[in-house]
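Colleague: Submitted below is the structure of interest, expressed as structure tokens.
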Amino acid sequence: MGYKSIEEINEKIKKGKAVVVTAEEIIDLVAEKGVSQAAREVDVITTATFGPMCSSGAFLNFGHSDPPIRMSKVWLNDVPAYAGIAAVDAYIGATELSATRGMEYGGAHVIEDLIAGRDVKLHAESYGTDCYPLREITTYINKDNINQAFMFNPRNVYQNYNAATNASDRTMYTYMGTLLPHCGNVTYTTSGQLSPLMNDPYYRTIGIGTRVFLGGAEGYVAWEGTQHNPDQKRGENGVPLAAAGTLALIGNLKEMSTEFVRAAVFEKYGVTLFIGVGIPIPALDEDVVEKASVSDSELFTDIVDKSGQMGVVGSASYQQLRSGYVELMGKKIPTAPLSSLRKAREIAQLLKKKISRGEFLLTAPVAPLPMHNKVNKLEVRRPRNED
């Protein structure tokens, strides 16, 4: 069959004639009509995920006071923000903890409060300069009275993150939730057959410049995400069997919704931010459609012992994980998701509607994501130039 282009698909979207399905719906369509016919009929496939994405945060510009201040230290609702950028810019990281409330409140809560339109206490200190004489300021900000407020997330939308268990003899409190001793449970965090990079395993359509749904607003893929590691062993369908590709995402915080950006606290671990991301895949040809028609029964991930005692202890399909238990080391182990499949489905359907109504156009990547990338471990060592 002939190939479609993103330009041709966008013309159909503008005319309200594009055929849009979710990544779950394409599975049934391919099973019913085959890859070739499905590729002829479908123009766009929507993917989505909603889960904890710790490597997230926001850049904020507060505007200048009178007299002006060169902010060198900043707190937002008592949560430290990084101010080593310019006079009145700061970056608030999602996992930063409150100086007064500890694990009860953190940067993720500040971000959610800003999105919700709530007032946030800003306290800043300075060493003082001739051009910035003010040394301290306390005021209240919100998304309407500050200048730019954009979310920039260094690592989101992991491609097939490992499931977790705990082989030690004590309960562990982790970023993968509470893990019971002696492999008492398994947790996982992806939307499986709906997950964006599961449906585009070789990054043919998702790359730098791709327009995405980010937290209720339009956003873009800004770069490869940190720890982007595509050089993982892959299954027959091309999907990596362990944590692989990642995306750095950017979008306008002022246009986001707390329906799709929510702060959370993991017991005895800390603060994280749940974010909803939806990414459309243009049905360019049969290969794209075939790759996007993978189901949970065909998608496998490693199960890793987070105590560090045993490493990889097994693997399971997402169909098995979603069943509520897996067989592991001769035992029936209960499973639980950290991500929300219901919210992922909601986002995929919402993105489908936006595209069908001509409200969301597709973009071709301006550059591809790397297919090879060296990921180093941090070692304690002496400088190379030290004798």
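Colleague: Out of (1) free of Cβ contacts under 8 Å to residues at least 40 places away in the same chain; (2) surrounded by 14 or more Cβ atoms within 10 Å (Cβ to Cβ); (3) of a type in the set (D, E, K, R), what's the single condition that is false for Asp200?
Modeller: In the conditions (1) free of Cβ contacts under 8 Å to residues at least 40 places away in the same chain; (2) surrounded by 14 or more Cβ atoms within 10 Å (Cβ to Cβ); (3) of a type in the set (D, E, K, R), Asp200 misses (1) alone.
Colleague: In addition: So Arg381 fits all but one of (1) assigned by TED's automatic domain parsing to the domain that holds Val157; (2) at pLDDT below 95; what number is the exception?
Modeller: Checking Arg381 against (1) assigned by TED's automatic domain parsing to the domain that holds Val157; (2) at pLDDT below 95, the one that fails is (1).
Colleague: When the residues of the stretch 233-270 are filtered to those that are at pLDDT below 95 and out of contact with any Pro (no Cβ under 8 Å at 6 or more places or on another chain), which remaining residue is surrounded by the fewest Cβ atoms within 10 Å (Cβ to Cβ)?
Modeller: Glu236
Colleague: From the set of residues in the stretch 359-387 that are part of a loop (DSSP other than H, G, I, E, B) and in contact with a Gly (Cβ under 8 Å, 6 or more places away or on another chain), which is surrounded by the most Cβ atoms within 10 Å (Cβ to Cβ)? Can you show your working first?
Modeller: Step one: of the stretch 359-387, the residues part of a loop (DSSP other than H, G, I, E, B) are 359-366, 368-387.
Narrowing further to those that are in contact with a Gly (Cβ under 8 Å, 6 or more places away or on another chain): 363-366, 368-369.
On the way: Thr363: 16, Ala364: 15, Pro365: 16, Val366: 11, Pro368: 14, Leu369: 24.
Among them, the one singled out is Leu369.
Colleague: Right, another one. Tell me, please, whether a residue that is assigned to a helix (DSSP H, G or I), more than 23 Å from the chain's Cα centre (by Cα) and modelled with pLDDT of 95 or more can be found in the stretch 345-358. Steps first, answer last, please.
Modeller: The initial filter retains those residues of the stretch 345-358 that are assigned to a helix (DSSP H, G or I), namely 345-356.
This time we only want the ones that are more than 23 Å from the chain's Cα centre (by Cα), so: 356.
Right, trim to modelled with pLDDT of 95 or more and you get 356.
Scanning the stretch 345-358 turns up at least one residue that is assigned to a helix (DSSP H, G or I), more than 23 Å from the chain's Cα centre (by Cα) and modelled with pLDDT of 95 or more.
Colleague: Of all residues in the stretch 214-232, which are outside any loop (DSSP other than H, G, I, E, B) and surrounded by fewer than 24 Cβ atoms within 10 Å (Cβ to Cβ)?
Modeller: Answer for the stretch 214-232, where residues must be outside any loop (DSSP other than H, G, I, E, B) and surrounded by fewer than 24 Cβ atoms within 10 Å (Cβ to Cβ): Ala217, Glu218, Tyr220, Ala222, Trp223, Glu224.
Colleague: Here is a follow-up. In the stretch 285-331, what residues are of a type in the set (Ser, Thr, Tyr), in a strand (DSSP E or B) and free of Cβ contacts under 8 Å to residues at least 24 places away in the same chain? If you could, list the steps in order and put the result at the bottom.
Modeller: Here is the first cut: in the stretch 285-331, the ones of a type in the set (Ser, Thr, Tyr) are 293, 295, 297, 301, 307, 315, 317-318, 323, 325.
Still in the running and in a strand (DSSP E or B): 301, 315, 317, 325.
Hits for the stretch 285-331 are Ser317, Tyr325.
Colleague: Can you tell me which residue in the stretch 129-179 is farthest from Ala87 (Cα to Cα), limited to those that are of a type in the set (Lys, Arg) and within 25 Å of the chain's Cα centre (by Cα)? Can you show your working first?
Modeller: Here is the first cut: in the stretch 129-179, the residues of a type in the set (Lys, Arg) are 135, 143, 155, 170.
Now restrict to residues that are within 25 Å of the chain's Cα centre (by Cα): 143, 155.
Numbers: Lys143: 19, Arg155: 27 Å.
Among residues in the stretch 129-179 that are of a type in the set (Lys, Arg) and within 25 Å of the chain's Cα centre (by Cα), the one farthest from Ala87 (Cα to Cα) is Arg155.
Colleague: Pairs needed: first member in the stretch 153-182, at positive phi and assigned to a loop (DSSP other than H, G, I, E, B); second member anywhere, crowded, with 22+ Cβ neighbours inside 10 Å and among the small types (Gly, Ala, Ser); C-beta distance under 7 Å; at least 6 residues apart or different chains.
Modeller: Partner pairs satisfying both residue conditions: Asn160/Ala244.
Colleague: Checking the condition under 27 Å from Val261 (Cα atoms), of a type in the set (Lys, Arg) and touching a strand residue (DSSP E or B) at 6+ places or on another chain (Cβ under 8 Å), which residue from Lys4, Lys73 passes? Outline the logic, then answer.
Modeller: Details: Lys4 fails: under 27 Å from Val261 (Cα atoms).
Sole residue among the options that is under 27 Å from Val261 (Cα atoms), of a type in the set (Lys, Arg) and touching a strand residue (DSSP E or B) at 6+ places or on another chain (Cβ under 8 Å): Lys73.
Colleague: Looking only at the stretch 258-284, count how many residues are in a loop (DSSP other than H, G, I, E, B) and either over 20 Å from the mean Cα position of the chain (by Cα) or more than 21 Å from Thr46 (Cβ to Cβ) (or both).
Modeller: So the first thing to find is which residues in the stretch 258-284 are in a loop (DSSP other than H, G, I, E, B), and the list is 258-260, 267-269, 283-284.
Now drop any that are not either over 20 Å from the mean Cα position of the chain (by Cα) or more than 21 Å from Thr46 (Cβ to Cβ) (or both), which leaves 258, 267-269, 283-284.
Total satisfying the criteria: 6.
Colleague: Search the stretch 242-257 for residues that are closer than 25 Å to Asp119 by Cα and pair each with any residue that is in a loop (DSSP other than H, G, I, E, B) and modelled with pLDDT of 95 or more when their beta-carbon atoms are under 6 Å apart and the residues are at least 6 apart or on different chains.
Modeller: Final answer for the pair search is Lys254/Lys143; Met256/Gly215; Met256/Gly216; Ser257/Gly216.
Colleague: So for the stretch 108-122 (the condition being more than 15 Å from His64 (Cβ to Cβ), in contact (Cβ under 8 Å) with a residue 60 or more places away in the chain and not aliphatic (A, V, I, L, M)), does at least one residue qualify? Give the steps one after another, and end with the answer.
Modeller: Going through the stretch 108-122, the residues more than 15 Å from His64 (Cβ to Cβ) turn out to be 108-121.
If we keep only those that are in contact (Cβ under 8 Å) with a residue 60 or more places away in the chain as well, we get 108-109, 111-112, 114-116.
In the following step, the residues that additionally are not aliphatic (A, V, I, L, M) were identified as 109, 112.
Looking through the stretch 108-122, at least one residue is more than 15 Å from His64 (Cβ to Cβ), in contact (Cβ under 8 Å) with a residue 60 or more places away in the chain and not aliphatic (A, V, I, L, M).
Residue-wise test of (1) touching a helix residue (DSSP H, G or I) at 6+ places or on another chain (Cβ under 9 Å); (2) of a type in the set (Ser, Thr, Tyr); (3) at pLDDT 95 or above.
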residue: Val79; (1), (2), (3): yes, no, yes
residue: Tyr127; (1), (2), (3): no, yes, yes
residue: Cys131; (1), (2), (3): no, no, yes
residue: Phe150; (1), (2), (3): yes, no, yes
residue: Asn156; (1), (2), (3): no, no, yes
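The values are calculated or read from the model by the stated rules, or taken from the named source; none is laboratory data. Every value quoted in this text rests on a predicted model; they were computed, and no experiment measured them. Please note: Cβ atoms are built from the backbone with ideal geometry, for glycine as well, and neighbour counts cover all protein chains shown.
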